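Trainee: Mind having a look at this structure? Questions to follow.
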C-alpha cells in the first residue's frame, strides 16, 4: 500500500484500540502512530528508495517538531507523559537501540525483517525502553502496516528469518483497494479525533 494509506489506517487503528482520554495521550497517539505506520518501509529497495527514506525521515521530523511545539505552546504534559516510568538515560538508550535496529533493517530486503513479527517485537522493545507510555501506540500502528501489506501480491516475510512469506494477493499496492482504505482510514481518523475530544470535554465539564 502507499505511504498515505499506511498512515491513515495505522492512525485510525491505533486511535480505535487505545482510545486516548486526555489531550496529551491524543497527541502522543497521533504522533507515535504516524511513525509506527511508516517505519517499516525504510527497507524499500526500488529505484525510489532514497526518496522514500527521505519522506519517512521527513515525517518523523515533522511529528517531533509538532509535538515539541504543542508542549512548548500549551504545556500539555507530553514530556512528563514520556518520562512516566522512564528516565533521560532510558530515552537515550531506547533511541540508540531503535536507531540501530532501523539501520540493520534498512539493509534487509523489502518486506522481510521490518515487516516481520521479530521486527515489530524488537522495535517495540526499543520504544518500551525509551518510554513504556509510547509502546502500544507504536506497536499497533506498525502491526497495521504489515497486516494490510499482506493483501498485496508481494510476499511479506512475517516469520523472518524463516524462508517463505505470506500474501493474500487480493489487490495491487496502489489500486482501488488502496484508495478505499485511504479514504475509509482518513474518515475514521477524523471521526475518532472528534469523539476523543468530545469525551475529554464531557469529562472536563462533568
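Just so you know, all these numbers are worked out from the coordinates, no wet-lab data involved. Just so it is clear, the structure is predicted and the values come from calculations on it, not from any experiment. Note that we place each Cβ from the backbone using ideal geometry, even for glycine, and neighbour counts take in every protein chain shown.
Trainee: Most fluctuating residue of 164, 94, 119 in a GNM of the chain with Cα springs under 10 Å: which is it?
Mentor: Greatest mean-square fluctuation among the candidates belongs to 164.
Trainee: Relative to the first principal axis of the alpha-carbon coordinates of the chain, what is the inclination of helix 135-149, with its axis defined by its Cα atoms, in degrees from 0 to 90 and to the nearest 10?
Mentor: 30
Trainee: Only helical DSSP H runs with n ≥ 4 go in: add -39500 (n - 2.57) per run for the chain, normalise by residue count and round the 222 nm mean residue ellipticity to 500 deg cm²/dmol.
Mentor: Mean residue ellipticity, 222 nm, calculated: -23000 deg cm²/dmol.
Trainee: Give the peptides 8-15, 110-117 in descending order of average Cβ contacts within 10 Å, highest first.
Mentor: Listed from highest to lowest mean packing, they are 8-15, 110-117.
Trainee: Would you mind checking the tilt of helix 49-74 against the longest principal axis of the Cα atoms of the chain, expressed as 0 to 90 degrees and rounded to 10?
Mentor: 10
Trainee: Then there's this: Can you tell me how the stretch 160-206 classifies by the Cα gyration tensor, rounded, prolate or oblate, using a/c under 1.5 as the rounded cut?
Mentor: In terms of gyration-tensor shape, oblate.
Trainee: Related question: Ranking request for peptides 131-139, 61-69: highest mean number of other beta-carbon atoms within 10 Å first, then the rest in descending order.
Mentor: So the peptides 131-139, 61-69, ranked by packing, come out 131-139, 61-69.
Trainee: Related question: Dividing the convex hull volume of the alpha carbon atoms of the chain by its residue count, what do you get in Å³ per residue?
Mentor: Roughly 114 Å³ of hull volume per residue.
Trainee: Can you tell me how the stretch 129-200 classifies by the Cα gyration tensor, rounded, prolate or oblate, using a/c under 1.5 as the rounded cut?
Mentor: In terms of gyration-tensor shape, oblate.
Trainee: Roughly what angle does helix 23-38 make with the longest principal axis of the chain, taking Cα atoms, 0 to 90 degrees, to the nearest 10?
Mentor: It works out to around 10 degrees.
Trainee: Calculate the length of the line joining the C-alpha centroid of the stretch 139-174 to that of the stretch 1-67, in whole Å.
Mentor: About 17 Å separates the Cα centre of the stretch 139-174 from the one of the stretch 1-67.
Trainee: Test of understanding: extend the Cα→C-beta vector of residue 2 to 7 Å, then name every residue of the stretch 134-149 with backbone N under 18 Å from that spot.
Mentor: Counting only backbone N, you get 145, 148-149.
Trainee: Sticking with this one: Going by how many other Cβ atoms sit within 10 Å of their own, how do 174, 41 line up, fewest first?
Mentor: 174, 41
Trainee: Another one. In what order do 200, 82 fall by count of nearby beta-carbon atoms within 10 Å, going from fewest to most?
Mentor: Ascending number of Cβ neighbours within 10 Å: 200, 82.
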